[in-house]
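Below: one structure, written as structure tokens.
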Amino acid sequence: MNKKEALVGYYFNNNLMHSIKGDKSLRESVYNRERAFNIVDDHLDELVDVWLFLLLKTGAYRLVIGLNNAEVRVASVFDPFNTEVHLADDLLKPDYVYFHFNKISLDEKDKLIKRIYLMLEKDKTFALLSKDWQQSLLDRNQKMQQLTHEDDLHFILQNIPKLRHLEGYYLRSITINLFNSTVSMLFNCDGTQIMSHKKFKEFITEYL
């Protein structure tokens, strides 16, 4: 049996920082492709505030932000097995945001996720898991960390415009996950950077 851990799995790893190379043909043609701008680029500062609001004040625990296609995929603690898709121009409308996203504080969202996992431990389907998985989840749930820190989220979101405005290798999409405090960034060279929220500041310091 291969017991190698997944790069990002059920555990928490504040030291996570990993680079994945993408399609070689895309890397080699980066400087030959003309860059196109869209509504996200025109309203990026406003949208950063909206995305921060979703993560800090609503049920959203994961955002997949498509900067190239103006698409935002949202996973919410209020509907955890579903994924909503919203367009950036709709998220610029306050009435739209307040209608679609129910409010909950970051602290209460943290507590709700932990309660959901405790419920799963008591469900009869938990017995379907292998003994190794059961023990791993029990251990993780007992020492589950805080979802993430508000300061880390502010720093991540505030740096999206810098990453988007880079010459050459600029940000195409970013996934921010509160549950295991990870950030995944896809650049126009098709390369991906995956790291913990804690390591993001180190990444910015080194590359910007």
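The values are calculated or read from the model by the stated rules, or taken from the named source; none is laboratory data. Just so it is clear, the structure is predicted and the values come from calculations on it, not from any experiment. Here Cβ is always computed from backbone atoms with ideal geometry, including for glycine, and neighbour counts include all displayed protein chains. Note: accessible area is taken over every heavy atom of the protein model, side chains too, but ligands, DNA and RNA are not part of it. Shrake-Rupley method; radii C 1.70, N 1.55, O 1.52, S 1.80 Å.
Of all the accessible heavy-atom surface of the chain, with the other protein chains kept in place and a 1.4 Å probe, what percent is carbon and sulfur?
Details: 6300 of 12250 Å².
That share works out to 51 percent.
With the crude spin-label approximation of a point 7 Å out along Cα→Cβ, what separation in nm comes out for K111 versus T205?
For the pair K111/T205, the computed spacing is 3.4 nm.
What spacing in nm lies between the two simple spin-label points modelled at Q134 and D89, each 7 Å away from Cα in the Cβ direction?
For Q134 paired with D89, the spin-label model returns 5.4 nm.
Mind grabbing the accessible area of E5 for me, 1.4 Å probe, Å², rounded to tens?
Taking all protein chains as shown, E5 has close to 110 Å².
If I fit a long axis through the Cα atoms of helix 106-122 and take the longest principal axis of the Cα atoms of the chain, what angle between them do I get, 0 to 90°, rounded to 10?
40
I'd like the distance separating the alpha-carbon centroids of segment 135-191 and segment 108-131, in whole Å.
After rounding, the separation between the Cα centres reads 24 Å.
Pick from L178, L67, L120: which is most flexible by mean-square fluctuation in a GNM of the chain where alpha carbon atoms under 10 Å apart are linked?
In the Gaussian network model the winner is L120.
Can you pick out the pairs among K21/K199; K21/K162; K4/K124; K4/K114; K57/K111 whose Cα atoms lie more than 23 Å from each other? Show your work: numbers first, answer last.
Values: K21/K199 19 Å; K21/K162 21 Å; K4/K124 28 Å; K4/K114 26 Å; K57/K111 14 Å.
From K21/K199; K21/K162; K4/K124; K4/K114; K57/K111, over 23 Å: K4/K124; K4/K114.
When the solvent-accessible surface of protein heavy atoms is calculated with a 1.4 angstrom probe, in what order do E108, E121 fall, highest first? Before the final figure, lay out the partial values.
Working: E108 75, E121 50 Å².
Solvent-accessible surface, decreasing: E108, E121.
Probe of 1.4 angstrom, ligands and nucleic acids ignored: what's the accessible area per residue over segment 55-208, in square angstrom?
That works out to 54 Å² for each residue.
Which of rounded, prolate, oblate describes the chain, given a ≥ b ≥ c as roots of the alpha-carbon gyration tensor eigenvalues and a/c under 1.5 marking rounded, otherwise prolate only if a/b is larger than b/c? Mind dumping the intermediate values first?
Values: a/c = 2.04, a/b = 1.35, b/c = 1.52.
Oblate.
What angle, in degrees between 0 and 90 and rounded to the nearest 10, separates the Cα long axis of helix 131-142 from the longest principal axis of the Cα atoms of the chain?
Roughly 80 degrees, rounded to the nearest 10.
With springs connecting C-alpha atoms under 10 Å apart, model the chain as a Gaussian network and identify which of L54, L129, L157 has the largest mean-square fluctuation.
L129
Please build a GNM for the chain, connecting alpha carbons under 10 Å apart, and tell me which residue among L55, L63, L118 fluctuates the most.
Result for the chain, Cα springs under 10 Å: L118 fluctuates most.
If r is the Cβ-Cβ distance from K143 to I20 and R0 is 41 Å, what FRET efficiency results, to the nearest 0.05?
Values: r = 28 Å, r/R0 = 0.69.
The calculated FRET efficiency here is 0.90.
How much solvent-accessible surface does R35 expose, in Å² to the nearest 10, with a 1.4 Å probe and all protein chains in place?
60
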